[in-house]
Amino acid sequence: MKSFGSKPWVLPQPVLIIGTYNEDGTPNAMNAAWGGQWDAKEIMISMGSHATTENLARCADFTVAFANRETLVASDFVGIVSANNDPQKMQKTGWTAVKADNVNAPVFTDFPMTLECRIIRKIDETAEGYNIVAEIVNILVDEKYLGEDGKPEVEKMDLITYEPVRHGYLVLGECVGNAFADGKKLK
C-alpha cells in the first residue's frame, strides 16, 4: 500500500449547504464538506470564517440541505463565492427560499432533504472559525423522494459527495446491502 501521510480524505464527505439569514434578513448559503452525524439527534460541522459564521454569531438557527446532482453547479458556486464579496450570490443560484417552520433560517426548496438545526455549542473557536454541534430540530423531505412506506428513498435523491483527493463530486445512489442484517450471515 502507498502511504500519503495525513490528509483530509475521510470518505465519503457529504456536500452540505448551510442556510442562514444575513444581517439584513436576506437568505444566504454556503457549502460545507466537513460535517456529519454527531449523536442520534445532533450533527457536527467544521466552519471556517465566512459570512455564514457571522450570521451564526447573531442567530444560532440554520438549515442543512443535502446537495444532489441537480443542485451541483449552484452548490459549488456557494462554496467558492462569499456573500461578503457578491451581494447577488443567492440570486445567481436560482434557488427558492422559504422560512423554516421550526428555526429562524431559510429552507431552499430545490433540495431533496433539509435539516432544521440549532447550535448547541461551539468547539475550538478561533479567528479562523470553529466546529459546531447542533440539534436536529426537524427534517424536511421533498415528497417526490418518499417511498410507498412514507419514508425517504435516499437512493432516488442523487445525493453528491465531495471527493477530496481530486476535488470532484460523486453521485450516491445504489443500495448494495442491508445494514444490521447482512453481517448476520457470518454468525
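Using only DSSP helix segments of four residues or longer, with each worth -39500 (n - 2.57), what per-residue ellipticity at 222 nm results for the chain after dividing by its residue count and rounding to 500?
Per the formula, -3000 deg cm²/dmol.
Cα to Cα, under 29 Å, and not fewer than 8 places away if on the same chain: which lysines meet these conditions relative to Lys151? Once the sequence-local lysines are set aside, what remains near Lys151 is Lys41, Lys99, Lys184, Lys185.
For a quick check: sort Phe77, Phe111 by the number of other beta carbons within 10 angstrom, fewest at the front.
Phe77, Phe111
Neighbour counts of C-beta atoms inside 10 Å place Asp182, Asp24, Asp110 in the sequence Asp24, Asp182, Asp110, starting with the fewest.
Sort 26-34, 65-73, 163-171 for me by packing, meaning the mean count of neighbouring Cβ atoms within 10 Å per residue, highest on top.
In descending order of packing, they fall as 26-34, 65-73, 163-171.
Once you have a ≥ b ≥ c as the square roots of the Cα gyration tensor eigenvalues for the stretch 1-137, tell me rounded if a/c is under 1.5, and otherwise prolate or oblate according to whether a/b is larger than b/c. Verdict is rounded for the stretch 1-137. Full extension of the chain between Arg69 and Lys2 gives 20.9 nm of extra length, using 0.36 nm per residue less the Cα-Cα distance. A straight chain from Asp39 to Ala127 at 0.36 nm per residue would run longer than the Cα-Cα distance by 29.0 nm.
Please give every one of the aspartates and glutamates within straight-line cross-link reach of Lys89, meaning a C-alpha to C-alpha distance under 20 Å, and leave out same-chain neighbours fewer than 8 residues apart. Within reach: Glu23, Asp24, Glu54, Glu70, Asp76, Asp110. Here the calculated FRET efficiency for Lys92 and His167, from their Cβ-Cβ distance with R0 = 22 Å, stands at 0.55, rounded to the nearest 0.05. Packing-based ranking of 133-139, 119-125 yields 133-139, 119-125, ordered from highest to lowest mean Cβ neighbour count within 10 Å.
Considering only alpha-carbon pairs that sit under 8 angstrom and 6 or more positions apart, the relative contact order computed for the stretch 81-160 is 20 percent.
In what order do Phe62, Phe180 fall by count of nearby beta-carbon atoms within 10 Å, going from fewest to most?
On the way: Phe62 28, Phe180 6.
Least to most surrounded, the residues fall as Phe180, Phe62.
For the chain, averaging the sequence separation of C-alpha pairs within contact (under 8 Å, six or more residues apart) and dividing by the residue count gives a relative contact order of 23 percent.
Throughout, read-outs are computed from the coordinates displayed, never taken from laboratory work. Since the structure is predicted, the reported quantities are computational estimates derived from the model, not experimental observations. Ideal geometry is used to build each Cβ from the backbone, glycine not excepted, and the neighbour counts take in all protein chains shown.
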